[in-house]
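Scroll down for the structure; my scribbles are underneath it.
The values are calculated or read from the model by the stated rules, or taken from the named source; none is laboratory data. These numbers were taken from a predicted model, which means no experiment stands behind them. As a convention, Cβ positions derive from the backbone with ideal geometry for all residues, glycine included, and neighbour counts pool all protein chains shown. Surface areas here come from the heavy atoms of the whole protein model, side chains and all, with no ligands, DNA or RNA. Shrake-Rupley method; radii C 1.70, N 1.55, O 1.52, S 1.80 Å.
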Amino acid sequence: MKLKIKDSIESQREHLIKLSLNIHDNPELGFKEEKASTWLTSYLEDNGFYVERGVAGLTTAFRATYGQGSPRIVFLAEYDALPKIGHGCGQNIIAASAVGAGVASKYIIDQLGGSVVVLGTPAEEGFGGKIDMVKAGTFKEINVAMMVHPNVLNMVTMQALACSPLEVEFFGQAAHAAAQPDRGINALDAMILAFTSINSLRQHIKAEARIHGIITDGGEAPNIVPAHSAATLFIRALNNDYLDELKDKVLNCFTGASIASGARLEYHWGEKTYSPMKNNMTLAGLFKQNLESLGRHVEAFDPRFGLGSTDMGNVSQVVPSIHPTIAIAPFKVLIHTPEFAAAAASQAGQQGIMDAAKAMAMTMVDILQPGMLDKIKQEFNSG
Ligand SMILES: [Zn+2]
Ligand SMILES: [Zn+2]
């Protein structure tokens with residue numbers, strides 16, 4: 001069965017590469033991926049999938065289904081680009097490999113039953129499209145979710161940080177900064193105090209945690225005491241418990257600065273909290289064997305690679321999931337750069353699509369062997 005799958009993906013090579021390069025050459029920002037969504041759904045429809053568009057109320061999201069009922073295995077496609085650098089994250093490779101795996105899996109469904117879904121998940125970068133989809137119940141009745149992200153190493157597990165955005169504002173009192181400074185309340189000073197407190201706090205937080213932000217309003221003119229200041233921050237931690245602890249500590253920095261300066265504090269936490277990645281090790285083990293059988297060397301998760309956040313973390317909390325990465329560039333190339341965007345359109349990038357699609361569809365064969373889904377589910381429920 002795995003040989004058939006590899007053949008199917010080889011026979012799609014030209015189409016998959018064309019899809020990938022079209023998306024790459026027409027970068028679209030999150031929630032605006034109309035072309036990518038159209039190209040991907042057309043290809044899936046042409047290959048016998050039933051396509052629903054606008055899933056979870058998101059215009060560019062889609063669900064393409066082949067077969068019926070359970071088990072229901074999902075391949076996730078991302079296709080949003082970054083401002084200015086285009087596909088510096090290589091989502092075009094994620095999209096092409098997901099549809100390739102989906103189409104190849106038709107053969108498995110015909111033999112073994114169940115259904116395969118290619119889910120188009122928009123706006124991974126910054127807007128957390130999958131968080132909306134999880135909230136809308138898109139992942140109910142799904143047994144396993146998989147996607148492969150391009151990278152500089154082949155890895156089958158990944159760590160992602162829980163992340164919470166914070167918006168803060170200080171309201172002070174404007175006054176002439178030279179003539180009547182005693183009548184003013186300085187909202188910018190309040191913000192600077194808070195940032196300084198956070199810098200002190202940073203010495204005493206866990207190594208993987210991150211607090212970073214920008215000041216988006218720091219006043220109007222040097223001769224006016226700033227009556228208003230504003231900032232946006234991200235607070236990140238390895239798990240939700242420590243994230244909650246850290247959120248309280250960060251908030252204390254702002255409250256303290258409010259008391260010290262006399263400026264009134266207003267804040268709100270962003271609606272979209274990114275969850276940490278819960279790797280299903282049973283699934284990861286199956287994927288690893290398949291990826292190695294294609295001649296790729298798989299590395300253990302490498303902390304030098306650094307930690308970010310992904311909305312796949314939220315999916316992994318509700319469905320047994322993996323988010324492996326496939327090497328398409330040398331280790332020195334940094335992700336989210338023009339160099340990585342170039343790699344996403346290179347020969348190595350194209351081989352990445354083929355191998356990722358093959359390994360995902362081959363893993364689906366393993367998942368549908370007797371007893372395997374129970375094992376995957378058992379692991380999911382126990383941790
Ligand atoms: Zn990215
Ligand atoms: Zn990405």
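Overview of results
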| read-out | value |
| --- | --- |
| Average Cα contact separation per residue, the chain, under 8 Å, 6 or more apart, as relative contact order % | 23 |
| Three-way shape call for the chain based on the alpha-carbon gyration tensor, with the a/c threshold at 1.5 | prolate |
| Local electrostatic count at residue 132 - Lys and Arg +1, Asp and Glu -1, tallied over other residues with Cβ under 13 Å | 0 |
| Helix runs (DSSP H) in the chain reaching 27 Å along axis by Cα, Kyte-Doolittle at least -0.5 | 91-112, 240-261, 347-367 |
| Computed magnitude of the charge dipole of the stretch 290-383 (debye, nearest 20; Cβ of K, R +1, Cβ of D, E -1) | 60 |
| Surrounding net charge for residue 216, when Lys and Arg each add one and Asp and Glu each subtract one, Cβ distance under 11 Å | -3 |
| Proximal lysines relative to residue 377, as straight alpha-carbon distance under 26 Å, when same-chain residues fewer than 8 apart are discounted | 2, 106, 130, 135, 140, 278, 288, 358 |
| Highest-MSF residue in the chain out of 60, 38, 325 [GNM, Cα springs under 10 Å] | 38 |
| Nearest-10 value in Å² for the accessible area of residue 212, using the 1.4 Å probe | 80 |
| Full-stretch length increase - residue 107, residue 200 - with 0.36 nm per residue and alpha-carbon distance subtracted | 27.7 nm |
| Helical mean residue ellipticity (222 nm; -39500 (n - 2.57) per DSSP H run of 4+; nearest 500) of the chain | -13000 deg cm²/dmol |
| Solvent-accessible area, 1.4 Å probe, carbon plus sulfur percent, for the stretch 19-153 | 48 |
| Dipole magnitude of the chain, debye to nearest 20 (Cβ charges: Lys/Arg +1, Asp/Glu -1, about Cα centre) | 700 |
| Hydrodynamic radius by Kirkwood, which averages 1/r over all alpha carbon pairs of the stretch 260-383, in angstrom | 17.2 |
| Net charge of Cβ neighbours under 13 Å - reference residue 250; Lys, Arg +1; Asp, Glu -1 | +1 |
| Computed label-point distance, nm, for sites residue 70 and residue 140 using a 7 Å Cα→Cβ extension | 1.3 |
